[in-house]
1. Would you call A:Arg8 out of contact with any His (no Cβ under 9 Å at 6 or more places or on another chain) and either aromatic (Phe, Trp, Tyr) or over 28 Å from B:Asp143 (Cα atoms) (or both)?
2. Among all residue pairs at least 6 apart or on different chains, which show Cβ distances below 7 Å where the first residue, located in the range A:75-88, is within 10 Å of A:Gly276 (Cβ to Cβ) and the second is hydroxyl-bearing (Ser, Thr, Tyr) and in a helix (DSSP H, G or I)?
3. Restricting the search to the range B:192-204, which residues are closer than 30 Å to B:Ala285 by Cβ and outside any loop (DSSP other than H, G, I, E, B)?
4. List, please: which pairs have Cβ atoms under 7 Å, are six or more places apart or on different chains, and start with a residue in the range A:35-57 that is farther than 25 Å from B:Pro93 by Cβ and end with one that is within 13 Å of DNA strand C (Cβ to nearest atom) and assigned to a helix (DSSP H, G or I)?
5. Does the range A:4-15 include one or more residues that are more than 16 Å from DNA strand C (Cβ to nearest atom) and either more than 9 Å from chain B (Cβ to nearest Cβ) or among the polar types (S, T, N, Q) (or both)?
6. Taking the stated definitions as given, is A:Ala136 of a type in the set (Gly, Ala, Ser), in contact with a Ser or Thr (Cβ under 9 Å, 6 or more places away or on another chain) and on the phi < 0 side of the Ramachandran plot?
7. Since B:Gly92 meets every condition but one in (1) farther than 30 Å from B:Arg116 by Cβ; (2) touching a Leu at 6+ places or on another chain (Cβ under 9 Å); (3) within 12 Å of chain A (Cβ to nearest Cβ), which condition does it not meet?
8. Return yes when A:Glu77 is within 16 Å of DNA strand C (Cβ to nearest atom) and either among the aromatic types (Phe, Trp, Tyr) or crowded, with 19+ Cβ neighbours inside 10 Å (or both) and no when it is not.
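The values are calculated or read from the model by the stated rules, or taken from the named source; none is laboratory data. Note that the structure is a prediction, hence the values are computed from the model and not measured. Methodologically, a virtual Cβ is constructed for each residue, glycine included, from the backbone with ideal geometry; neighbour enumeration extends over all protein chains shown.
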There are 2 protein chains.
Amino acid sequence: MLDVRKLRLLRELARRGTIAAVAEALAYTASAVSQQLSALEREAGVALLARSGRGVVLTPAGLVLVEHAEDVLAVLERASAAVAEAGGGLAGPLRIGAFPTAARTILPAALVELARRHPGLELRVDEVDPAEVPDAVRGGELDVALVHDYDFVPQQRDPGLDSEPLLTEAMFLASARPPEVGVDPIGWCRDLPWILGRPDTLCHLVAVRACQVAGFTPRVRHHADDFGTVLALVAAGLGVAMVPELGVGDPPEGVVLTRLPVHRRTQAAYRAGAGGHPAVAACVAALRSSVAARQSSHASPSARSR
Amino acid sequence: MLDVRKLRLLRELARRGTIAAVAEALAYTASAVSQQLSALEREAGVALLARSGRGVVLTPAGLVLVEHAEDVLAVLERASAAVAEAGGGLAGPLRIGAFPTAARTILPAALVELARRHPGLELRVDEVDPAEVPDAVRGGELDVALVHDYDFVPQQRDPGLDSEPLLTEAMFLASARPPEVGVDPIGWCRDLPWILGRPDTLCHLVAVRACQVAGFTPRVRHHADDFGTVLALVAAGLGVAMVPELGVGDPPEGVVLTRLPVHRRTQAAYRAGAGGHPAVAACVAALRSSVAARQSSHASPSARSR
DNA sequence: CATCCAGCATCAGCACAGCTTACGAATAAC
DNA sequence: GTTATTCGTAAGCTGTGCTGATGCTGGATG
């Protein structure tokens, strides 16, 4: 009988490439991971890893086992969800991860509704960058998380996660002066200083990619993750920025927003198989209704765009 | 994360009804099983067992979890099979269970072929009564086993096992004198002494059932499992018996065989999900070809029946 | 009704699986 | 050559999970 804990290590190894990375991600020492994987090989009776340089690579048999490990973990997750559904109803902890913008906009209403309808839930919200979300959800630190993928940023499909689309929003160019009419707004910013998110965040990456598609590399002058800060900097004439629709709730005076042909799709993600978990399903439903309520009540900032 | 070892205990509990029986079947003490199931309840966060009288019963949540446990175990078995297929090829131990008749007839040729084509396999055969087979296969003591179900004997479908049909054979009535023409052969034996298999075997049960269907309870005079012995007793005029086609390879002088409208179907069974395991698949294929070779070369004893 | 026994839970004790720390070997980068 | 990674092995320790003993409950028996 293969050990599921070890299969999880193998899956993480497939995703991260090195034993050291797996150990760091799952809060073990590299030694423990190495020993466990050796034991797994012994149980399987087949070589799963092969040394390559100073690292390891998965053998074909290892790759096959990883695929099946995904299945096993998903079915196990489904069992968890089913028993929660059948027995406890809606109670216990539910950890939600959200990026800062969502945590201020669509999340509060959803949390209020969730807490009202299911008082047994112990809701806990963590603000995390979307780039860290997949690992945190797979690792069990989060149960539900809001993530997005942008045009230009490849969304690698994670077989360990399932997700449901929540909303699609346009990106806007924020500038102090209106861009010229008839030209590509991003190209128009070729020589202007840019205000981007911190490196290694999705916000940062999407802006760089968009500029590369337009044929240039942005001159990054400022780094700021908070869109309020970003807009204040733009208003002060310190540069231009790309902001999503949710980030411009109340744009300050002196900021011109131009709708770009770039979108970001926000999704609710959870562990593969956990979609049937009552708390997860309720959370996703609450997020949906919060999004719907927002879209019907708020005027889109596109009214201010050209 | 639910623990698969504990899920296995829960599944066995659902099948056997008492913690003590689970413990005995899996070679644990009842204390260990009780502790593990308590731990499982803690992990699940839901009551899975409830005391009922001096035993326990599964709660609705427990039943739900059992169903999913079957899935988990089957998927895990499939993972095992896949990695064996991808990596080791055909090597390692393969434990085969067979009832005595098959062990003498269709099994030897299959084993020879299997050993010839896959010398890496360490074949091991155990002779077991079909009634004990499901537990032994589920418990991992056997990998493949030959089982049969008879007309009249309910074959309860075991969700932990998969099976493939191998052959269907007729049952024969063995008697010293030919039965009257035109009457039900079994009914004709109403007042004759019967020779049956040992109690608690399928052979015993099917004969009793067949007689009950004919409207009487057989007077059991002798017990013998070996069909050679049974036929010798019949030839000596000590009673009548029901024997399957495979059991009458070379009937002694003085035995009259009468084909009955009762059949038994022989199947190859293995753990759910293990059908993709190369050694299991090869074994089943070898059994099939052995059966096919037998059927084409041997004249059916029906030639001697009336 | 008193007794007996089957079945389960709890407790204490112990063994082993599995983790950490420490160290060494191999390889890539500089 | 030197250094930094990365992995594997050895030694030691801790916690999980097993056994065996004990007590409790509820059905069976006379």
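1. no
2. Pairs that qualify, where the first residue is within 10 Å of A:Gly276 (Cβ to Cβ) and the partner is hydroxyl-bearing (Ser, Thr, Tyr) and in a helix (DSSP H, G or I): there are none.
3. B:Leu202, B:Cys203
4. A:Val56/A:Ile19
5. Yes.
6. Taking the combined requirement at face value, the residue does not satisfy it.
7. (1)
8. Judged against the criteria, A:Glu77 is not a match.
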